[in-house]
Amino acid sequence: MMIRLEILEKGEKNASHTFHTERVRIGTSALSDLRIEGEGVTPYHAVVELAGEGQGRLAAGGEPGPMEVNGSPVTSGVLLEPGDELRIGEVVLRFRLVPIPSPETRRRFSTLEWATIGLVGLLGLGQVYFLARPAASWHGEVKSDLLRPTPTPPPGTEPDAPVATPTPAPTPTPAPTPTPTPVPTPTPIPLPTPTPVPHTEGKSANELVREARSLAREKRFLDADRLLEQALRMEPKNVEALSELAALYGERSMFRESVETWEKVKELASAGSIEAGRARMEIRVMRRRMSLLDTPAGTPDRTPPPPVFPRATPTPMGEVRAQTSPVAVESVKMERYAESPRYDAFRMIHFALEHREGTPAVASGSLRARITFYEQAGSRVVPADIPTPRLQLKINQDLSGGKRIEDLSAAYEVPAGKGDPDRSYYGTLIQVFIDDEEVATGSDNPLLLDLLR
């Protein structure tokens, strides 16, 4: 369990501090774990520590001062329950305990599975052996003394080749010379001077894409089109070049060509990458523009405007309960902590679960949450490269009648010296299960849900 101390002002929470240690020193000293300032607070006033399953203990520090628990003065060690209010001098604190998330155990292969893998490997080696052995035997049976070169006669030495006899041509009769008619000299038509295209010899496909992007900003679409086509001739599966070409088609109102090109980008881009998500969004936009162009001019739009508050179609209560999830993920937020010698990065994700009214109650022990941390590596979003990227929380509380479960949290920790500078925290996915059936999801980054769909 982790100790959490909330600083209260006029009965309301003002600040919250969570500690991973079993003992927290409180006082005005800079060496205290929780440094507080207030009238009557000494440099080493009190100590809060874990005392057992679900309990804590308040004891006097090296320089004790006035202390109260739930309004009762105390001088020596006293047991604490979660939710107790402590008064240290004139500062009021609330004591809480936060569970440490337990990592999901990884599945191990059984003996039968290892035996199956070994058998498949032996069958593969045997197949290679039986295919290679006949080829080696055929190579050994070839007799080199039978391979003799066949002489080829040089050209022009065939004795029986017939020699063609030339036939004398008849003497031509001179024809009368006609009087030439003067032909007017045509006036040359001046050709338009083409816009110079930057020098492209010796450049890579990515360099051509960058030059095409700068030309597109200058509205030189034809020159940018030629550079992108040249880049695609060099690398037909260059996703960046295809994306720029699809965007260029959209700028020139070539919506059908833009949709076809974005479809290629979606096929070539990695699943869950930023380019794949952008392709799906652009395809919807371009198809919407095509549908607007296909509507004849002057045709009134008879589609009724959507209501400000959408009304649900009335259905029997039984069907509503069958289609609505009984649990919703609410109040998802991420709390950052300053880097320390122990961790390269430390974040705490907080969320709450709320029961939907009109749905069946959820029994204690059947509810659990899976928390998965994701990072951004270049243009892809992948599971976090940390010791425990996926955590499991088992929630032993009943949920019914619109009740909420607050103070659910999980830690994203990267041990010192293990961080990768090319990867950064992207977001957290929260999946809620009832009896191993997923019923709700949530995230602190809405884009993460769109990429994982």
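The values are calculated or read from the model by the stated rules, or taken from the named source; none is laboratory data. As the structure is a computational prediction, the values presented were derived from the model and not from experiment. Cβ atoms come from the backbone with ideal geometry, glycine included; neighbour counts cover every protein chain shown.
Observations on the model:
- A single member of L58, L93 is without any contact (Cβ under 8 Å) to a residue 40 or more places away in the chain, part of a strand (DSSP E or B) and in contact with a Leu (Cβ under 6 Å, 6 or more places away or on another chain), and it is L58.
- Among the residues of segment 8-49, those that are surrounded by 16 or more Cβ atoms within 10 Å (Cβ to Cβ), in a strand (DSSP E or B) and aliphatic (A, V, I, L, M) comprise L8, V24, I26, L34, A46, V47, V48.
- Any hit, segment 380-391, residues being assigned to a loop (DSSP other than H, G, I, E, B) and within 18 Å of A440 (Cβ to Cβ): no
- Test: residue in segment 199-213 that is at pLDDT below 80, charged (D, E, K, R), over 33 Å from the mean Cα position of the chain (by Cα) and in a loop (DSSP other than H, G, I, E, B): yes
- Among (1) in contact (Cβ under 8 Å) with a residue 60 or more places away in the chain; (2) within 30 Å of V239 (Cβ to Cβ), the one test that G378 misses: (1)
- Criterion applied to G56, G61 was being farther than 16 Å from R4 by Cα and surrounded by 11 or more Cβ atoms within 10 Å (Cβ to Cβ), and the one residue passing it is G61.
- Note on segment 244-289: among residues that are in contact with a Ser or Thr (Cβ under 8 Å, 6 or more places away or on another chain) and of a type in the set (G, A, S), the one that is farthest from R453 (Cα to Cα) is G250.
- You will find that of E335, E413, the residue that is farther than 30 Å from S243 by Cβ, touching a residue at least 40 places away in the same chain (Cβ under 8 Å) and among the charged types (D, E, K, R) is E413 and no other.
- Residues being modelled with pLDDT of 85 or more and loosely packed, with under 13 Cβ neighbours inside 10 Å - total across segment 437-453: 2
Residue-by-condition table, conditions (1) under 26 Å from A410 (Cα atoms); (2) without any contact (Cβ under 8 Å) to a residue 40 or more places away in the chain; (3) in the same structural domain as I349 (by TED's automatic domain parsing):
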residue: L8; (1), (2), (3): yes, no, no
residue: T18; (1), (2), (3): yes, no, no
residue: G38; (1), (2), (3): no, no, no
residue: G52; (1), (2), (3): yes, yes, no
residue: D84; (1), (2), (3): yes, yes, no
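- Residue, farthest from the chain's Cα centre (by Cα), within segment 379-419, restricted to residues that are among the acidic types (D, E) and surrounded by 13 or more Cβ atoms within 10 Å (Cβ to Cβ): D398
- Among (1) in contact (Cβ under 8 Å) with a residue 40 or more places away in the chain; (2) outside any strand (DSSP E or B), the one test that L449 misses: (1)
- Helices (runs of 4 or more DSSP H) (entirely within segment 254-365) containing at least 3 residues that are over 30 Å from V432 (Cα atoms) and at pLDDT below 85: 274-294
- Filtered residues of segment 61-81 (kept if touching a residue at least 12 places away in the same chain (Cβ under 8 Å) and part of a strand (DSSP E or B)): M67, E68, V69, V74, V78, L79, L80
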